1. As an exercise, use a Förster radius of 25 Å and the Cβ-Cβ distance of Ala126 and Val51 to find the FRET efficiency, rounded to the nearest 0.05.
2. Add +1 for every Lys or Arg and -1 for every Asp or Glu among the other residues with Cβ under 13 Å from the Cβ of Met101, and state the total.
3. Convert each backbone phi in the range 5-10 into a coupling constant with the Karplus relation 6.51 cos²θ - 1.76 cosθ + 1.60 (shift: θ = phi - 60°), then list the ³J(HN,Hα) values in order as whole Hz, x for Gly and Pro.
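Since every read-out is calculated from the coordinates, none of them should be taken as a lab result. Just so we're clear, the structure is a prediction, and the values are computed from it rather than from any experiment. With ideal geometry, Cβ positions are generated from the backbone for all residues, glycine too; neighbour counts draw on all protein chains shown.
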Amino acid sequence: MKKIGFAAALILFTVAILSTRYYMVDLPVYHFLGGGDVTDPATLHLQGEFVESNLGAAEGPSGSLTVRMIAQQFVFVPQCVEVPAGVPITFRMTSADVVHMLSFLGTDYGLKVVPGAVTEATFTFAKPGIFKIPCHEFCGAGHYAMRGQLNVVPRDQFASLLPSERRTCELR
Ligand code: CUA
């Protein structure tokens, strides 16, 4: 009986370690098994998919829409993105430092963003509106102030934006 108790404690301990060391344990295993796209948190802003000119909303050749964003202590880059209503939007996100978790307030949509990997998910926002994007994973001293924004605008309004205007919500 004692042996079973010990084994159970050992398993619990192992699970607890693994589940709190997500990007130190799970991610390397995930990468080793060939899963997903890999990013280097140290050079995110300098090369590859997440350089500044690639961030924000971008239209693919087939009219598909991709939003690229970086989560980092304690901001989202870009801080605000504009997207059209009623169109499936593929989010591709990564972290420059630690694990962040974002939700789109007023919806069931959420994303976990980890350093070293790209998180991808496709969401559709049926109607125009403003969605705050708070971070839900404690990520440090500025965690409670970490929030981005998604402005969902009518399709024709979005279509009239220049590519450079799709990386920001600033008034033009
Ligand atoms: Cu990022 Cu909390």
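1. On the way: r = 32 Å, r/R0 = 1.27.
The computed FRET efficiency comes out at 0.20.
2. Computed value for this residue: +1.
3. Once rounded to whole Hz, the list reads x, 5, 4, 5, 5, 5.
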